[in-house]
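Working notes, beginning with the structure itself.
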Amino acid sequence: PTVLLLNGPNLNLLGRRDPAHYGSTTLADIERRVTGLGAELGARVRCAQSNHEGELVDLVHGAAELDGIVINPGAFAHYSIALRDAVDAVDTPCVEVHISNVYAREEFRHTSVTAPVMQGYIAGCGVVGYELGLRAVLARIAEAAD
Ligand code: DQA
């Protein structure tokens with residue numbers, strides 16, 4: 001299977017941005033780790049990041065050809081109906097990841113408008129959440145296949 005690892009706005013700054021919430025691992029490190037785990041588990045991982053809502057929508061549409069998506073929508077999780085509708089519109093199973101425990105933070109982070117269309121949701125596990133997300137989406141793909 002081929003899985004898209006998709007990161008939303010400001011996640012290109014990981015490693016420098018607010019390390020108390022997000023740690024010191026860079027996005028390049030995360031992409032390497034998830035790609036490496038994919039190789040171990042027999043999956044190909046494609047990586048993309050965008051700060052732009054419409055581009056994320058396009059990337060989700062493009063993933064209709066793929067087998068799964070692991071997405072950290074960043075702040076768009078809290079209000080982007082367009083991104084939610086994009087995930088809803090493709091049949092590709094999608095798992096949402098947040099590095100920080102959004103429920104332990106500001107009230108406006110407690111809502112995810114994208115979560116209801118996801119096959120799974122992971123928050124507060126740090127960057128390991130991306131690896132858990134990959135395992136989860138691969139399990140969904142395997143379930144769907146039998
Ligand atoms: C985040 C949580 C969001 O609230 C925030 O806007 C982010 C990162 C996380 O990974 O913890 O950009 O998605």
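Values computed for the structure shown
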item: Single match in E65, E131, E40 (criterion: within 18 Å of P1 (Cα to Cα) and within 15 Å of the ligand (Cβ to nearest atom)); result: E131
item: Some residue of the range 11-28 being away from the ligand (no atom under 13 Å from the Cβ) and at pLDDT 95 or above; result: yes
item: From the options A104, A139, residue that is at pLDDT 95 or above, over 23 Å from E40 (Cα atoms) and of a type in the set (G, A, S); result: A104
item: Of all residues in the range 46-74 being of a type outside the set (D, E, K, R) and touching a Pro at 6+ places or on another chain (Cβ under 6 Å), the one that is surrounded by the most Cβ atoms within 10 Å (Cβ to Cβ); result: G68
item: Residue check for Y121: surrounded by 14 or more Cβ atoms within 10 Å (Cβ to Cβ), over 20 Å from D18 (Cα atoms) and among the aromatic types (F, W, Y); result: yes
item: Of residues in the range 103-115 being over 14 Å from the mean Cα position of the chain (by Cα) and part of a helix (DSSP H, G or I), the one surrounded by the fewest Cβ atoms within 10 Å (Cβ to Cβ); result: E107
item: Answer residue from the range 62-102, given it is farther than 24 Å from A139 by Cβ and assigned to a helix (DSSP H, G or I) and is nearest to the chain's Cα centre (by Cα) among those; result: G74
item: Qualifying residue in the range 86-99 (condition: in contact with a Cys (Cβ under 8 Å, 6 or more places away or on another chain) and either more than 10 Å from the ligand (Cβ to nearest atom) or charged (D, E, K, R) (or both)); result: yes
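For every residue, the table says whether it meets (1) under 16 Å from E96 (Cα atoms); (2) acidic (D, E).
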{"position": "L14", "(1), (2)": "no, no"}
{"position": "A28", "(1), (2)": "no, no"}
{"position": "E40", "(1), (2)": "no, yes"}
{"position": "V60", "(1), (2)": "yes, no"}
{"position": "A63", "(1), (2)": "yes, no"}
{"position": "G68", "(1), (2)": "yes, no"}
{"position": "R84", "(1), (2)": "yes, no"}
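The values are calculated or read from the model by the stated rules, or taken from the named source; none is laboratory data. Because the structure is predicted, anything quoted here is derived from the model rather than measured. Don't worry about glycine lacking a Cβ; one is built from the backbone with ideal geometry, like all the others, and counts go over all protein chains shown.
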